[in-house]
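Input: a single structure, listed below in structure tokens.
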């Protein structure tokens, strides 16, 4: 599916809202503050550094350190600069800069990040439901702000009218100038106040309807969504009603493309930066990143040149040397003949 920029932004933010209600989601982002956001950025970068995220980190935190790491720029980044991002997560700000959207996508490990013009992705059923749902949150907040402004205007108008009325009464004591009856002013103000109260109830009713509708959609797709479980080297699709302690919600992209690499001879120098691994001694290698399929609280790390040379570099060198010696022997034999 071709994903437009507004659709991408909506998908990232709504995914964050859904994840925030899950128990395994990071507490630092459930009730975000500038300080907790910076702490979460450090944690995420240490757990799953990835080259594809470096442009996003550079645009937000500035250039990397001399060693190519972003740990120091993140640690030294002023917390007050997270204020706009924090307001966006809390729903106080209805829109934000693209770099804040991409930073959120990185923090929640959004699978389709970063946005690319004309990007074509495979969406899950839940993601399709998010894009097809009507989002009234921005409209509701705008209406509430407008109602608050109306209340303030009414109070100012009422105070002005009372002051004018008092001045007129004082004048009539000496000049016999006709005075506007106070009941007329009160009736006028009461009528406006009644309209404001009716408008508030209308906004509350609309907000309640939208909330119930959104929860219904979320419940329906959670109930009907397919699941999958890890077999040892790949994911298998399974019905969510089946008994299996290791089942997770179905993710089509991960189901199709995520594999454990059992034939390590297929890992070459070209796999650096693409293949991911887990563990320090008996390492496991996978075709993609993200969370470990069994140790779901741990993240896979991208294979660096150091890891490749440590695990496979010497083996390839032995193979290459053996091949060269074999070719030289054949050439010598042919010469003697």
Task: Output for region 247-262, where each listed residue is farther than 18 Å from residue 300 by Cα and part of a strand (DSSP E or B) - done: 249
Task: Among (1) more than 18 Å from the chain's Cα centre (by Cα); (2) over 21 Å from residue 109 (Cα atoms) - the single one residue 92 does not satisfy - done: (1)
Task: Filter result (assigned to a loop (DSSP other than H, G, I, E, B) and touching a residue at least 24 places away in the same chain (Cβ under 8 Å)) within region 61-71 - done: 70
TODO: Among the numbered conditions (1) touching a helix residue (DSSP H, G or I) at 6+ places or on another chain (Cβ under 8 Å); (2) in a loop (DSSP other than H, G, I, E, B), tell me where residue 237 comes up short.
DONE: (2)
Task: Tally, over region 263-300, of residues that are within 25 Å of residue 229 (Cβ to Cβ) and assigned to a loop (DSSP other than H, G, I, E, B) - done: 17
Open item on the list: closer than 15 Å to residue 114 by Cβ, touching a residue at least 40 places away in the same chain (Cβ under 8 Å) and over 13 Å from the mean Cα position of the chain (by Cα): which single residue out of 51, 58 fits that description?
Closed with: 51
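Table: residues versus (1) outside any helix (DSSP H, G or I); (2) modelled with pLDDT of 95 or more; (3) surrounded by 14 or more Cβ atoms within 10 Å (Cβ to Cβ).
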residue: 7; (1), (2), (3): no, no, yes
residue: 24; (1), (2), (3): yes, no, no
residue: 52; (1), (2), (3): no, no, no
residue: 86; (1), (2), (3): no, no, yes
residue: 92; (1), (2), (3): yes, no, no
residue: 95; (1), (2), (3): yes, no, no
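The values are calculated or read from the model by the stated rules, or taken from the named source; none is laboratory data. Every value quoted in this text rests on a predicted model; they were computed, and no experiment measured them. FYI the Cβ positions are ideal-geometry reconstructions off the backbone, even for glycines, and counts take in every protein chain you see.
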